[in-house]
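Reading through the structure tokens given below for one structure.
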Amino acid sequence: MVNSPSVSEISSWLIEADRRFTEERPVHHSWDPTTRASLVILWGLLIYPLLDKDLKQEQKKISVDFLNHLFQEHFGGKDGCDSILALFQRHDYIRFTESRYIVPGTRLFTAVDAARMYPIFRTSLLARRLMKASKDHG
């Protein structure tokens with residue numbers, strides 16, 4: 001049986017800083033591991049499908065209802081989840097479009113090391129489950 005990665009492990013997959021442009025650490029560096037792991041999961045749902053040749057899609061969007069379902073137990077229900085999504089929006093990791101849909105913001109494209117994450121997501125059972133669940137709720 002394959003073990004799922006821990007929240008701490010997932011949260012460590014975020015880029016700490018892009019030394020080519022700045023010495024400052026991104027805002028997500030100061031967030032708790034659960035919030036950071038949620039950002040990585042959002043990257044997997046919104047950015048990874050754009051990179052994977054088998055999943056290639058025009059523009060990926062996820063419903064707020066699906067994310068509430070996915071994250072609510074980690075953030076204390078719908079209100080907690082909504083406040084995390086507002087935090088991600090405020091820092092341009094996500095953007096809201098249409099009614100109740102989310103697309104990637106500029107920072108989500110650069111928050112995660114795509115070269116490191118692509119093989120992890122490509123072979124991950126968790127990634128396949130997330131993709132299937134997002135399609136079922138989309």
Query raised in the report: Pairs, please: C-beta under 6 Å, at least 6 apart or cross-chain, first residue of a type in the set (K, R) and in the stretch 32-50, second in a helix (DSSP H, G or I)?
Result: R36/S11; R36/H28
Query raised in the report: Any chance the stretch 35-49 includes a residue that's open to solvent by less than 40 Å² (accessible area, probe 1.4 Å), of a type outside the set (F, W, Y) and at pLDDT below 80?
Result: no
**Report entry** Number of the condition not met by Q59 [criteria: (1) modelled with pLDDT under 85; (2) open to solvent by 80 Å² or more (accessible area, probe 1.4 Å); (3) touching a Lys or Arg at 6+ places or on another chain (Cβ under 8 Å); (4) not basic (K, R)]
**Finding:** (3)
Query raised in the report: Within the stretch 86-98, restricting attention to residues that are open to solvent by 90 Å² or more (accessible area, probe 1.4 Å) and without any contact (Cβ under 8 Å) to a residue 24 or more places away in the chain, which residue is nearest to V27 (Cα to Cα)?
Result: R90
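The values are calculated or read from the model by the stated rules, or taken from the named source; none is laboratory data. Just so we're clear, the structure is a prediction, and the values are computed from it rather than from any experiment. Ideal geometry is used to build each Cβ from the backbone, glycine not excepted, and the neighbour counts take in all protein chains shown. Only protein heavy atoms, including side chains, enter the accessible area calculation; ligands, DNA and RNA are left aside. Shrake-Rupley method; radii C 1.70, N 1.55, O 1.52, S 1.80 Å.
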